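Participant: Below are the structure tokens for one structure; questions will follow.
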Amino acid sequence: MSRVRVLVGTCKGAFILASDGIRSDWTVTGPLFGGWEIYHVTASPADPDRIYASQSTGWFGQQVQRSDDGGLTWQPVGNDFRYDGVAGTHQWYDGTPHPWEFARVWHFEPSPTDRDAVFAGVEDAALFQSLDGGAGWKELPGLRGHGSGPAWQPGAGGMCLHSVILDPADPARMLVAISAAGVFRTLDGGDTWEPANRGLRSEGIPDAEAEVGHCVHHVAMHPDRPDVLFMQKHWDVMRSDDFGASWYEISGDLPSDFGFAIDVHAHEPQTVYVVPITSDSLHYPPDGRLRVYRSRTGGGEWQPLSEGLPQRDCYLNVLRDAMAVDSLDPCGVYFGTTGGQVYASRDAGDSWAPIVRDLPRVLSVEAQTLP
Amino acid sequence: MIRVVLPAHLRSLAGVAKEVELSLEGAATQEALLDALEAIHPVLRGTIRDGATLQRRPFVRFFACGEDVSHAGAGATLPAPVLAGVEPFIVVGAMAGG
């Protein structure tokens, strides 16, 4: 029978939630790296027992932890993230130049085919790559160096590169998203990059349709349809049908189009999930009711999913990397909250139940389907 | 033998139960002590000092003999009681936040 492993990063350690394919009884392992901020934990598709964890604190900096046995044992590998050449400056919150400074790894994106190859999206925004299982890291300098880098500004959470989309059919095509610079893509394996924000409209910046400067919160793709991308922006849920060359809005009838997390059903590339949040100043669900919204039409028309979720007095948030799907049938959907709950649905969102209720603030959730 | 006390997070990272003991050959400075500490426990590189600039990280402090010696400088000679192993060299995560 298949198994599921849910990898959870929190502000005070990592947790591994495991179940058989029925997904009703779960074991909880952790905290791993207790007391450290774990921004992301994710596994290699090429070797599911190889897991990478981003471990950091503001005091002692960044570590990259790696497990080669499915999370039973871990070893710190490489933590030397040096920007290529002269780091230069980006804009600070007040618009003045600010030196590029490495803070932490927000997101790992392992290669779908090579267990030793993994990308890291970092703050201050840049894309690094390791080809030796996380021991050594080199920046892909074409991203920051393509021209607009000095104009990038941080979002409220820091200037983070949080989304890395790899086209499984064409390794030369990659797309990344940065808060609050926007989306950038490469068609030549990372040597040259271009802004990919056409169609985005952000009222909070001087030119609402600027080429860069949009606060993109997260981007998701279904691997069977790499041209189609879904985006949760600061405001607006967006879609691209041409790998980011252009975007159009699919917020439709959502109660709020502000939010952070977005993901796609494992077997239905047109089925998308978001968690609407009230507004940019009210980071909790509308009306104190936690509802996931599902569109089965690729956006535009959305259905609230609330069975098993708190429908009163609920004022938590679901962060950008804290939603994931497994590949069982029916598809499992998982999300973690700033209140420390990890909710699971084993029926594609129709109903929900908490796996755990009292973890630290959840920063990231990934799901693995194992044989 | 010089005794070095690490904060809890770095003890767990380095797999150190209590103090680290090390000896120095040549200059008996903060820089030499940290070089020796990182040689024994390479995982500590980048945690106390920036990995590239070797500057002390902003929220790390060094205490010795009841004094804050954080600003003495990398080239400062270690106090005699630290060199004698009577007093430890203490690496501290500064109090910050709630």
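Participant: State the three equivalent ellipsoid semi-axes of the protein assembly as shown, derived from the C-alpha gyration tensor as the square roots of 5 times its eigenvalues, in descending order and whole Å. Provide the component values of the computation, followed by the final result.
Facilitator: Values: eigenvalues 320, 129, 83 Å².
Working from the Cα gyration tensor, I get semi-axes of 40, 25, 20 Å.
Participant: Could you tell me what a quarter of the Cα convex hull surface of the stretch A:226-271 works out to, in nm² with one decimal place?
Facilitator: Numbers: hull surface 13.3 nm².
Mean projected area of the Cα convex hull: 3.3 nm².
Participant: Counting C-alpha atoms alone, how compact is the stretch A:1-78: give Rg to one decimal and Dmax as a whole number, in angstrom.
Facilitator: Spelled out, the Cα radius of gyration and Dmax of the stretch A:1-78 are 12.7, 44 Å.
Participant: Between A:VAL122, A:VAL183, A:VAL356, where does the largest GNM mean-square fluctuation fall for chain A, given springs only between Cα atoms within less than 10 Å?
Facilitator: A:VAL356
Participant: Counting Lys and Arg as +1 and Asp and Glu as -1, what is the net charge of the other residues whose Cβ lies under 10 Å from the Cβ of A:VAL4?
Facilitator: Numbers: positive: A:ARG3, A:ARG5, A:ARG23, A:ARG346; negative: A:ASP20, A:ASP326.
Neighbourhood net charge equals +2.
Participant: Additional query: Does chain B come out rounded, prolate or oblate by the C-alpha gyration tensor, with a ≥ b ≥ c the root eigenvalues, rounded set by a/c under 1.5 and, if not, prolate when a/b is larger than b/c and oblate if not? Provide the component values of the computation, followed by the final result.
Facilitator: Details: a/c = 1.27, a/b = 1.21, b/c = 1.05.
Taking the square roots of the gyration eigenvalues as a ≥ b ≥ c, chain B is rounded.
Participant: With +1 on the Cβ of every Lys and Arg and -1 on the Cβ of every Asp and Glu, and nothing else charged, how large is the dipole of chain A about its Cα centre, in debye rounded to the nearest 20? Display every interim value, and only then the final one.
Facilitator: Numbers: 27 positive and 49 negative charges, 161 e Å.
So the dipole magnitude of chain A works out to roughly 780 debye.
Participant: Continuing with the same structure: Per residue of chain B, what 222 nm ellipticity follows from adding -39500 (n - 2.57) for every DSSP H run with n ≥ 4, rounded to the nearest 500?
Facilitator: Calculated from helices alone, the mean residue ellipticity at 222 nm is -6000 deg cm²/dmol.
Participant: Apply the Karplus parameterisation 6.51 cos²θ - 1.76 cosθ + 1.60, with θ equal to phi minus 60°, to every residue of the stretch B:48-53 and state each ³J(HN,Hα) to the nearest whole Hz, in sequence, with x for glycine and proline.
Facilitator: Result, rounded to whole Hz: 9, 10, 4, x, 9, 8.
Participant: At a Förster distance of 41 Å, what's the computed FRET efficiency of A:THR27 paired with A:ASP191, Cβ-Cβ distance as r, to 0.05?
Facilitator: So, using R0 = 41 Å, E works out to roughly 0.40.
Participant: List the chymotrypsin sites (Phe, Trp or Tyr not before Pro) within the stretch A:53-161 that fall in a DSSP loop (any state other than H, G, I, E or B) and whose Cβ has at most 16 other Cβ atoms within 10 Å.
Facilitator: Hits after loop and neighbour filter: A:TRP92, A:TYR93.
Participant: Using a cut-off of 12 Å between beta-carbons, work out the net charge of the residues near A:ASP80 (Lys and Arg +1, Asp and Glu -1, A:ASP80 not included).
Facilitator: Every neighbour counted, the sum reads +1.
Participant: If you don't mind, there's one more thing I want to ask. Quick one: if the Förster radius is 60 Å, what FRET efficiency do B:GLU67 and A:THR297 give, using the C-beta to C-beta distance and rounding to 0.05?
Facilitator: Computed FRET efficiency for B:GLU67 and A:THR297: 0.30.
Participant: Got a sec to turn the phi values of the stretch A:160-177 into Karplus ³J(HN,Hα) couplings, 6.51 cos²θ - 1.76 cosθ + 1.60 with θ = phi - 60°, whole Hz, x for Gly and Pro?
Facilitator: Whole-Hz 3J(HN,Hα) from phi for the stretch A:160-177: 10, 9, 10, 10, 10, 10, 9, 6, x, 8, 8, x, 6, 9, 9, 9, 10, 10.
Participant: How high is the relative contact order of chain A, given as a whole-number percent (alpha carbon pairs under 8 Å, six or more residues apart)?
Facilitator: The normalised contact order for chain A reaches 12 percent.
Participant: Whole number please: convex hull volume per residue of the Cα set in the stretch A:105-159, in Å³?
Facilitator: Value for the stretch A:105-159: 80 Å³ per residue.
Participant: Let me check I've understood the local charge: for A:ALA126, count other residues with C-beta under 9 angstrom from its C-beta, Lys and Arg +1, Asp and Glu -1. What total comes out?
Facilitator: Result for the neighbourhood of A:ALA126: -3.
Participant: Now a separate question. Choose one answer from A:ASP236, A:ASP257, A:ASP227: the residue with the largest mean-square fluctuation in a GNM of chain A with alpha-carbon springs under 10 Å.
Facilitator: The residue with the greatest mean-square fluctuation here is A:ASP227.
Read-outs throughout are calculated quantities, based only on the coordinates presented, and are distinct from any laboratory measurement. If you're wondering where the values come from, they're calculated on a predicted model, not measured in any experiment. Neighbour counts run over all protein chains shown; Cβ positions are idealised from the backbone, glycine included.
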